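Below: the structure, in structure tokens.
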Amino acid sequence: MSDSILIIGGGIAGINAALNAADYGCQVYLLDDTASIGGMMARLDKTFPTNDCSICIESPLMYRVDNHPNIEILTNCEVRRVNRNNGNFEIRLVKKARFVDADKCTGCGTCVEACPVSVPDELDGKIGGMRKLISIPFPQAVPNASIIDPRCRYGKMREQGACIGGCVVDCSQCRECPIALCVKACKDEGKDAVLLWQADKPMDIEVKSIIVCSGIKSYEPSTGTYGYNVYENVITNLQFERLMNAGGPTGGEIVRPSDKAHPKKIAWIQCVGRGDKELPYCSKVCCMITAKQVIITKEHDPSVETLVFYNDLKAYGKGFYDFHRKAVEGGTRYIKGKPFDIFEHPETKNLTIRFEDLDKGELMEEEVELLVLATGLIPSDRNKRLARVLGIELNEYGFFKEKEPLNAPLETNVDGVYLCGGATGPIDISESVVQASAASMKAVIARR
């Protein structure tokens, strides 16, 4: 429809923008290049400063999107080409094959149980998370349907024990698979939803406005940074978040990767990676993420000793400083100083942190059982490609550039293309929702 709105990115900002625009009567296409909407928020444990359950907040919104008559969800989908014609955007999309019919799949999990191969999960692999070659992204996924790893479909996992890829006939030429266990399991359930012959599908749509909500991602420290990827018990704050999450790989149990024991002393190091080429700025939310994590850790086990190494603290939002004070009053030690050396004890896998305490002016040591690196937020990998396709500009950090932050906020150098959420820079959930409301109103007004 030529008066529709395309929203690129199905995280919390994209979801709220879609609902706002759809409630005003607009036809909305909500696009995401992953297998489910939800974004990063769907994989978090709690949100600061209230410590409300993340998925408990977002899941009802995802359900509303899925059932809204004015919203069409396009997951596993990419924007390939955009042309301007008579004030509208003519867009070529490619819906990538998930090798499962999402309309037929009920998410029963029978195919997942039948799959013989488990591989490290992309998000949780460092902390022991595994998934099957056919899987559902997370329990509350929308659509709640399985997806097959393309490496399995194209025969690249045979050496790992995959049952697909040994047939002399390609799946695209066949409709009756006697080999694939997931196909058989699905048919035994009477659904026939696994379609190994499914192919990428091009789609053409025409819209009046576009909102870019491409999101952000957590910075991955380089190997060796404070022992990361060298010592087992050095993890990032995102990985620790997954340990706390009841839907994570440990069912919400905070355990060490090395021996699955419950650590009794945990340290956080702030501003890890800041100053690197990819992260030359303050991400502003990391201090509150750490405060949240130490508070929740104490709720799990009040006897756990928690300490935070920092240089500066940023508590910029409503209730944020009180939240930091809650962490301190709960028994967390905040140490002003940046560690300069980490080494592991081979027998116990504990870690000794050497640092200068700037308040005392002394060199000191602390031995901990688990070390968490509080890393910042960087632009999504999709930003460069989207900027090229849409003809919009990026700033020096790789986020999308606003036309005029004061006079034309959330607008771009291309009329009719708007921004919100992590597309604009490091941002927390509440700010993302506010920006989504503003960007969606701009898009609705431009459509009229």
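What follows is calculated from the coordinates using simple rules that are stated; it is not laboratory data. Nothing here was measured: the structure is a model prediction, and the numbers come from that model. Here the Cβ is made from the backbone with ideal geometry for all residues, glycine too, and neighbour counts use every protein chain on show.
The alpha-carbon positions of the range 219-377 define a convex hull whose volume is 115 Å³ per residue.
Of the trypsin sites (Lys or Arg not before Pro) found in the range 112-199, the ones in coil according to DSSP and having at most 13 other Cβ atoms within 10 Å of their Cβ are Arg175. Only Lys, Arg, Asp and Glu carry charge here, each on its Cβ (+1 for the first two, -1 for the last two); on that basis the chain has a dipole of about 940 debye about its Cα centre. In a DSSP loop and with at most 10 other Cβ atoms within 10 Å, the GluC sites (Glu not before Pro) in the range 171-247 are Glu176.
On C-alpha positions alone, give me the angle between the axis of helix 320-329 and the longest principal axis of the chain, in degrees, nearest 10. Roughly 40 degrees, rounded to the nearest 10. Taking the Cα atoms only, what angle lies between the long axis of helix 12-23 and the longest principal axis of the chain, rounded to 10 degrees? The answer is roughly 40 degrees. Relative contact order, whole percent, for the range 110-188 stands at 30, derived from Cα pairs under 8 Å and 6 or more residues apart.
Between the residues Ile73, Ala35, Leu61, the greatest Cα displacement towards the positive end of the dipole of the range 22-75, with unit charges on the Cβ of Lys, Arg, Asp and Glu, is found for Leu61. Dipole magnitude for the range 219-377: computed about the Cα centre from +1 point charges on Lys and Arg Cβ and -1 point charges on Asp and Glu Cβ, it is near 620 debye. Per residue of the chain, the DSSP helices (runs of n ≥ 4 H) give a summed -39500 (n - 2.57) that works out to -7000 deg cm²/dmol at 222 nm. Compute log10 of I(q)/I(0) for the range 143-278 with the Debye formula, placing one identical point scatterer on every Cα and leaving out solvent, at q = 0.09, 0.12, 0.13, 0.17 Å⁻¹, to two decimals. Calculated log10 I(q)/I(0) at the listed q: -0.56, -0.88, -0.94, -1.02.
Derived value for the range 207-299: Kirkwood hydrodynamic radius 15.2 Å. Basis is the mean of 1/r over every pair of different alpha-carbon atoms. Relative contact order of the chain, taken over Cα pairs closer than 8 Å and 6 or more residues apart, is 18 percent.
Its alpha carbons considered, the range 110-188 gives a radius of gyration followed by a Dmax of 13.1, 40 Å. How far is helix 429-447 tilted off the main Cα axis of the chain, in degrees rounded to 10, range 0 to 90? Its long axis makes an angle of about 30 degrees. In the set (1) 69, 57, 50; (2) 61, 45, 45; (3) 67, 59, 35, the label that goes with Cα extents along the principal axes in Å computed for this structure is (3).
Considering only Pro302, Tyr316, Leu370, the residue lying farthest towards the positive end of the dipole of the range 295-388 is Tyr316, judged by Cα position with unit charges set on Cβ.
Each label was represented as a point 7 Å from its Cα along the Cα-to-Cβ direction; for Asp357 and Glu393 these points are 5.0 nm apart. Only the Cβ atoms of Lys and Arg (+1) and of Asp and Glu (-1) were treated as charged; on that basis the dipole of the range 33-162 about its Cα centre amounts to roughly 520 debye.
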